[in-house]
Amino acid sequence: MTGTSLDAAGLRGRTRELLAAHPPADTDRLAFLQARFDAGLAWVHYPEGLGGLGAPRSLQAVVDAELEAAGAPDNDPRRIGIGLGMAAPTILRYGTEEQKRRFLRPLWTGEEVWCQLFSEPGAGSDLAALGTRAVREGDEWVVNGQKVWTSSAHLARWAILIARTDPDVPKHAGITYFLCDMTDPGVEVRPLRQITGEAEFNEVFLTDVRIPDSRRLGEIGDGWRVAQTTLNNERVAIGGMRLPREGGMIGPVSKTWRERPELRTHDLHQRLLKLWVEAEVSRLAAERLRQQLVAGQPGPEGAGMKLAFARLNQEISGLEVELRGEEGLLYDDWTMRRPELVDFTGRDAGYRYLRSKGNSIEGGTSEVLLNIVAERVLGLPAEPRTDKDVAWKDLAR
Ligand SMILES: Cc1cc2nc3c(=O)[nH]c(=O)nc-3n(C[C@H](O)[C@H](O)[C@H](O)COP(=O)(O)OP(=O)(O)OC[C@H]3O[C@@H](n4cnc5c(N)ncnc54)[C@H](O)[C@@H]3O)c2cc1C
C-alpha cells in the first residue's frame, strides 16, 4: 500500500489502489462494495476494520469524487438510508465489538436493509410513553406489541427497536434498545397506504418475538439515551443531506421556470427567488453542520436543519404545483406501490407536493422540533412535564 497518511493525498492513493485491484468495469457490484468496505473507504471516519480509517469525515468527499470519476458503483444510499443514517451510528456508539463486526459491513453494502421500530399508535411525539413490552426469559427477551409508520419494514432484514423492559419506573427510565430480526416468525408486516398512494411504510405486529440478549444495544433501561443518538442522527440524515446546488426540490421548479416562460407571473417570480435563496442558504448550512460533525455525533442542533428542510420542501413543491396550473393537479399513478426506496424528491410535481407533507411529521414533527430547539439549543424554559417522576404503569393512557 502506498500512502499511509490520512490526508487527502493519502486517501486518493488508497482509492486508486482499490480501483486498480478491483476495476469497476470487471468487478461484480457487491464484490466491489465489499472490497471498498474492507479497504476502509466506505465511511472514512469510522474505525479501521469497520469500513473506515479513523480519518476526518470531511475527507470522504475526496474518496467519493475519485470513485465517481472512475464509474464505480455506490451503495445506493437512498435505499438504505435508515441503516446508514440511523442504525449504523447507534451501533458504532453503543454496540459490542461483536455487534459492530456482524452488522456494519452488510448494512453499508446494502446486503441487509434496516428499518426503525420506534413509533406506536399511542407513542409518536411522546415516544417515551411506548408500550411494546420486552420480558426477559433466560438469555432471551420475549417481545410483544405494535409499531406503526415503519418505513421500509417490508424490505428490511433488521430493525432497531425500543421496548419497555421495566414498567415500574418513570417512562424514560424503563426502555431498552434491541436489534430485531425482521424474519423472525412473530414479526408481521402490513402495508399502510399514504397520501401519495404508495405504501412506503407499514404497521408491524410483534407477537412473542424472541430476541437474544446478545442483540441488546446498550444497557438494560438505558434505551432512551441510546435512542437519542438515533433520533439526532435521523434529523441530520433527513435535513442535512449533501446536495449539489439546485439538488433538492428547488431543482425541478427552477428548471420548469427556465424552460416554460409562458407559465411565469410576477408574483411567482418573487416567491421563487425568495425560496431559491432560502434553499441555497439551507444547503450551505447543512454543509456546515456536516463539517461540525467531523469530530462526533450530532446534537439537538440537527433539529433546526430538519425544520428548514420540511418547511422549504412544502413551500417549494406548493409553488411548483401553482406554477404548472391545471397540469400541476395531474397525478401520474394512484396504484398502490411498495417502493424500493424512500424518495422525497422523485417522480412528478404532484408526488413531490404530496410526499413533502410527511416531511414535517417523520423524524419528529416540526412542533416537537421547535420545542427541542427552544429548550436544548436556545436554553428557554422547558414545557411543564407532569409525568416525569411517575411510574410508566401508573400513567393515564
Ligand atoms: C413518512 C413517514 C415515515 C415515518 N417513518 C417512521 C419509521 O420508519 N419508524 C418510526 O418509528 N416512525 C416513523 N414515522 C412516525 C413519526 O416519527 C411520527 O408520526 C411522529 O413522531 C409523530 O407522531 P404521531 O404520528 O403519533 O403524532 P402525535 O405525536 O400524536 O402528534 C399529533 C400532533 O400533535 C402535535 N404535538 C404532539 N406533542 C406536542 C408537543 N409537546 N408540543 C406541540 N405539539 C405537539 C404534533 O406536532 C402533531 O401535529 C414516520 C412518519 C411519517 C409521516
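So the values come out like this:
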item: Some residue of region 287-305 being within 16 Å of the ligand (Cβ to nearest atom), open to solvent by 70 Å² or more (accessible area, probe 1.4 Å) and not small (Gly, Ala, Ser); result: no
item: Matching residues, region 240-268, being more than 18 Å from the chain's Cα centre (by Cα), within 29 Å of residue 288 (Cβ to Cβ) and open to solvent by 70 Å² or more (accessible area, probe 1.4 Å); result: 244, 245, 255, 258
item: Every residue from region 333-383 that is farther than 25 Å from residue 126 by Cβ, in contact with a Lys or Arg (Cβ under 7 Å, 6 or more places away or on another chain) and not aliphatic (A, V, I, L, M); result: 340, 343, 344, 345
item: Options 52, 85, 40: the member that is small (Gly, Ala, Ser), open to solvent by less than 20 Å² (accessible area, probe 1.4 Å) and out of contact with any helix residue (DSSP H, G or I) (no Cβ under 8 Å at 6 or more places or on another chain); result: 52
item: Failed item, numbered, when residue 370 is tested on (1) within 15 Å of the ligand (Cβ to nearest atom); (2) out of contact with any strand residue (DSSP E or B) (no Cβ under 7 Å at 6 or more places or on another chain); (3) within 16 Å of residue 197 (Cα to Cα); result: (3)
item: Single condition residue 237 does not satisfy, out of (1) open to solvent by 30 Å² or more (accessible area, probe 1.4 Å); (2) at pLDDT 95 or above; (3) small (Gly, Ala, Ser); result: (2)
item: Residues (open to solvent by 10 Å² or more (accessible area, probe 1.4 Å) and either β-branched (Val, Ile, Thr) or modelled with pLDDT under 95 (or both)) located in region 155-192; result: 165, 169, 183, 185, 187, 189
item: Filter pass, residue 360 being modelled with pLDDT of 95 or more, surrounded by 15 or more Cβ atoms within 10 Å (Cβ to Cβ), among the hydroxyl-bearing types (Ser, Thr, Tyr) and within 30 Å of residue 93 (Cα to Cα); result: yes
item: Residue in region 247-255 that is closer than 19 Å to residue 129 by Cα, of a type outside the set (Asp, Glu) and assigned to a helix (DSSP H, G or I) present; result: no
item: Count of residues meeting criterion [over 30 Å from residue 318 (Cα atoms) and free of Cβ contacts under 8 Å to residues at least 24 places away in the same chain] in region 345-397; result: 12
item: Which listed residue, of 380, 354, 341, is surrounded by 15 or more Cβ atoms within 10 Å (Cβ to Cβ), within 14 Å of the ligand (Cβ to nearest atom) and not in a helix (DSSP H, G or I); result: 341
item: Selection status of residue 233, outside the structural domain of residue 155 (by TED's automatic domain parsing), within 19 Å of residue 152 (Cα to Cα) and among the polar types (S, T, N, Q); result: yes
item: Cβ pairs under 8 Å, 6+ apart, first in region 107-120 and in contact (Cβ under 8 Å) with a residue 24 or more places away in the chain and open to solvent by 10 Å² or more (accessible area, probe 1.4 Å), second in a strand (DSSP E or B) and near the ligand (Cβ under 8 Å from one of its atoms); result: 119/147; 120/147
item: Those strands (runs of 3 or more DSSP E) lying entirely in region 146-221 with at least 1 residues more than 15 Å from the ligand (Cβ to nearest atom) and without any contact (Cβ under 8 Å) to a residue 60 or more places away in the chain; result: 175-181, 187-192
item: Hits in region 121-152 (condition: polar (S, T, N, Q), surrounded by fewer than 17 Cβ atoms within 10 Å (Cβ to Cβ) and closer than 18 Å to residue 395 by Cα); result: 125
item: Test: residue 231 is in contact with a strand residue (DSSP E or B) (Cβ under 9 Å, 6 or more places away or on another chain) and either within 13 Å of the ligand (Cβ to nearest atom) or within 30 Å of residue 352 (Cβ to Cβ) (or both); result: no
item: Members of region 9-61 found to be modelled with pLDDT under 95 and part of a helix (DSSP H, G or I), listed by number; result: 57, 58, 59, 60, 61
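The values are calculated or read from the model by the stated rules, or taken from the named source; none is laboratory data. Because the structure is predicted, anything quoted here is derived from the model rather than measured. A quick note on method: Cβ atoms are made from the backbone with ideal geometry, for glycine too, and the neighbour counts reach across all protein chains shown. Ligands, DNA and RNA are excluded from the accessible area calculation, which covers all protein heavy atoms including side chains. Shrake-Rupley method; radii C 1.70, N 1.55, O 1.52, S 1.80 Å.
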